[in-house]
Amino acid sequence: ETGVTQSPTHLIKTRGQQVTLRCSSQSGHNTVSWYQQALGQGPQFIFQYYREEENGRGNFPPRFSGLQFPNYSSELNVNALELDDSALYLCASSLMTGPDTDTQYFGPGTRLTVL
Amino acid sequence: DAKTTQPPSMDCAEGRAANLPCNHSTISGNEYVYWYRQIHSQGPQYIIHGLKNNETNEMASLIITEDRKSSTLILPHATLRDTAVYYCIVFYGGSQGNLIFGKGTKLSVKP
């Protein structure tokens, strides 16, 4: 059974640039959730994707967007990067079999630094 | 905001049981209690979850009080590798994936 993987591991960008982060779901999972974790804080929910559509969103501006592909992998895109976007970005996969989402399993994260 | 309250830090001697408390007095009937831990700069690791009954797996035991207003995560024989931040989260699957993390408990296991 393959776990959740994320790429890249680390990334450095400058303010105003755009970034794409990638996530591969755990085998058998159909749902992906993205979280942002600033230094010293707990992870904060950005959004969830199920069946290639956004299924819920936290308090993040529209410049945070995502995609889910038919193989259930996912991308997080952030436009017009700001210094405060520097954080660990976490992807979690789960299996949704009905109205409820099962246990989420996290990947190792992508550390984004915005200069 | 997180619906749970945890002590900010705890110490435990290596080889002893670590008992991590969590208060969730406003938990709803369809919400589960989940525990995750996060070792420095890594992704959170799922530990265990439960609804009403006590649960045990290869990592830990979860004790939920009868009124479901609090719970305790038990690591039976703590090792140095169990040093991490432990998060207690109440979660309903229908909340569209939104795990709400609080500040957690920093557990330090000492030799």
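The values are calculated or read from the model by the stated rules, or taken from the named source; none is laboratory data. As the structure is a prediction and not an experimental result, all values here were calculated from the model. FYI the Cβ positions are ideal-geometry reconstructions off the backbone, even for glycines, and counts take in every protein chain you see. Note: accessible area is taken over every heavy atom of the protein model, side chains too, but ligands, DNA and RNA are not part of it. Shrake-Rupley method; radii C 1.70, N 1.55, O 1.52, S 1.80 Å.
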Original post:
Does residue A:66 count as of a type in the set (Gly, Ala, Ser) and either in contact with a Pro (Cβ under 7 Å, 6 or more places away or on another chain) or under 21 Å from residue B:1 (Cα atoms) (or both)?
Top reply: no
**OP:** Identify the residue in the range A:2-17 that is open to solvent by less than 70 Å² (accessible area, probe 1.4 Å) and among the aliphatic types (A, V, I, L, M) and, among all such residues, is farthest from residue B:45 (Cα to Cα).
**Re:** A:11
Original post:
How many of the residues in the range B:36-63 are touching a Pro at 6+ places or on another chain (Cβ under 8 Å) and closer than 18 Å to residue B:16 by Cα?
Top reply: 2
**OP:** Consider only pairs whose beta carbons are under 9 Å apart and that are at least six residues apart or on different chains; among these, list those whose first residue lies in the range B:85-101 and is under 19 Å from residue A:95 (Cα atoms) and open to solvent by less than 20 Å² (accessible area, probe 1.4 Å) and whose second residue is outside any loop (DSSP other than H, G, I, E, B) and at pLDDT below 85.
**Re:** B:91/A:101; B:93/A:96; B:93/A:101; B:97/A:96; B:97/A:101
**OP:** Please enumerate the residues belonging to the range B:102-111 that are away from chain A (no Cβ under 11 Å) and either of a type in the set (Ser, Thr, Tyr) or buried (at least 20 other Cβ atoms within 10 Å of the Cβ) (or both).
**Re:** B:105, B:107, B:108, B:109
Original post:
For the range B:6-45, list the strands (runs of 3 or more DSSP E) that sit wholly inside it and hold at least 1 residues that are crowded, with 22+ Cβ neighbours inside 10 Å; which are they?
Top reply: B:18-23, B:32-38
Original post:
Which residues, counting only those in the range A:43-63, are open to solvent by 80 Å² or more (accessible area, probe 1.4 Å) and either touching a helix residue (DSSP H, G or I) at 6+ places or on another chain (Cβ under 9 Å) or acidic (Asp, Glu) (or both)?
Top reply: A:52, A:53, A:54
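Out of all the residues in the range B:65-109, which are among the small types (Gly, Ala, Ser) and under 13 Å from residue B:4 (Cβ atoms)? First the steps, then the outcome.
At the first step, the residues of the range B:65-109 found to be among the small types (Gly, Ala, Ser) are B:70-71, B:78, B:84, B:93-95, B:97, B:102, B:104, B:108.
Listed by number, the residues that qualify are B:70, B:71, B:102, B:104.
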**OP:** Go through the range A:64-111 and count every residue that is outside any strand (DSSP E or B), modelled with pLDDT under 95 and surrounded by 20 or more Cβ atoms within 10 Å (Cβ to Cβ).
**Re:** 2
Original post:
How many residues are open to solvent by less than 30 Å² (accessible area, probe 1.4 Å) and either without any contact (Cβ under 8 Å) to a residue 12 or more places away in the chain or part of a loop (DSSP other than H, G, I, E, B) (or both) if we restrict to the range B:46-71?
Top reply: 2
Subject >> First in the range A:39-51 and touching a residue at least 24 places away in the same chain (Cβ under 8 Å), second anywhere and in a loop (DSSP other than H, G, I, E, B) and surrounded by 22 or more Cβ atoms within 10 Å (Cβ to Cβ), Cβ under 6 Å, 6 or more apart >> reply: A:48/B:97
Subject >> Filter result (within 8 Å of chain B (Cβ to nearest Cβ) and touching a Leu at 6+ places or on another chain (Cβ under 8 Å)) within the range A:38-64 >> reply: A:43, A:45
**OP:** Return yes or no: is residue A:40 in contact with a Phe, Trp or Tyr (Cβ under 8 Å, 6 or more places away or on another chain) and either closer than 18 Å to residue A:114 by Cβ or open to solvent by less than 60 Å² (accessible area, probe 1.4 Å) (or both)?
**Re:** no
Original post:
Which of the following residues is within 12 Å of chain B (Cβ to nearest Cβ) and more than 13 Å from the chain's Cα centre (by Cα): A:113, A:97?
Top reply: A:97
